[in-house]
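*Asks:* Can you keep this structure in mind? I'll have questions shortly.
The values are calculated or read from the model by the stated rules, or taken from the named source; none is laboratory data. Computed from a prediction, not measured in an experiment: that's the story for all the values here. With ideal geometry, Cβ positions are generated from the backbone for all residues, glycine too; neighbour counts draw on all protein chains shown. For accessibility, only protein heavy atoms count, side chains too; no ligands or nucleic acids. Shrake-Rupley method; radii C 1.70, N 1.55, O 1.52, S 1.80 Å.
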Amino acid sequence: QVQLVESGGGLVQAGGSLRLSCLASGSINDINAMGWYRQAPGKQRELVANMDNSRVINYINSVKGRFTISRDNAKNTVNLQMNSLKPEDTAVYYCRAACTYGVYWGRGTQVTVSS
């Protein structure tokens with residue numbers, strides 16, 4: 001199993017920045033990809049950014065050019081640098097690890113962007 005713990009959420013004004021971090025522990029050698037999803041009230045959970053072990057990255061169109069995902073394998077972390085934040089980025093952000101034998105989720109961290 002893999003355990004994921006997110007940190008770095010908070011309240012920020014539109015145009016500001018936040019950096020989310022996710023620390024993985026447990027069977028980390030089984031991880032094939034790590035990423036960030038978000039879920040706004042009344043909406044479905046959606047992919048924000050994902051990076052696999054080959055460093056192939058996918059972003060949802062609405063964050064391209066504003067968000068940057070990175071992985072530090074030595075520290076077992078995946079980070080999401082979020083710049084030029086908009087009110088529509090407000091959501092609970094979840095870290096996700098896709099592993100050989102399953103998918104694991106963190107508990108989420110709230111990001112609120114005020115206008």
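*Asks:* Considering only protein heavy atoms, what is the solvent-accessible area of D72 at a probe of 1.4 Å, reported in Å² to the nearest 10?
*Replies:* In the full protein context, D72 sits at about 50 Å².
*Asks:* Based on the alpha carbon coordinates of the chain, what radius of gyration and maximum Cα-Cα distance (Dmax) apply, in Å?
*Replies:* For the chain, the Cα radius of gyration and maximum Cα-Cα distance read 13.4, 42 Å.
*Asks:* In addition: At 0.36 nm per residue, and after removing the present C-alpha to C-alpha distance, how many nm does the segment from S62 to S27 gain when stretched out fully?
*Replies:* Difference between extended and current length: 9.4 nm.
*Asks:* Check the cysteines of the chain one by one and keep only those with no other cysteine Cβ under 4.7 Å from their own.
*Replies:* C99
*Asks:* Less than 27 Å apart at the alpha-carbon level, and either on another chain or at least 8 residues along: which lysines does that give for K86?
*Replies:* K43, K64
*Asks:* Then there's this: Could you run the Karplus curve 6.51 cos²θ - 1.76 cosθ + 1.60 with θ = phi - 60° over the range 54-60 and give me ³J(HN,Hα) per residue in whole Hz, x for Gly and Pro?
*Replies:* With the stated coefficients, the range 54-60 comes to 8, 6, 6, 10, 10, 10, 5 Hz.
*Asks:* Leaving ligands, DNA and RNA out of it, report the carbon-plus-sulfur percent of the accessible area of the range 33-115 at a 1.4 Å probe. Let's see the in-between values first.
*Replies:* Numbers: 2030 of 4390 Å².
The C+S portion of the solvent-accessible surface of the range 33-115 is 46 percent.
*Asks:* What are the ³J(HN,Hα) values, in whole Hz, obtained from phi via the Karplus relation 6.51 cos²θ - 1.76 cosθ + 1.60 with θ = phi - 60°, for each residue of the range 90-105 in sequence order, with x given for Gly and Pro?
*Replies:* For the range 90-105, the Karplus curve yields 4, 4, 8, 9, 10, 8, 9, 10, 9, 10, 4, 10, x, 10, 10, 10 Hz.
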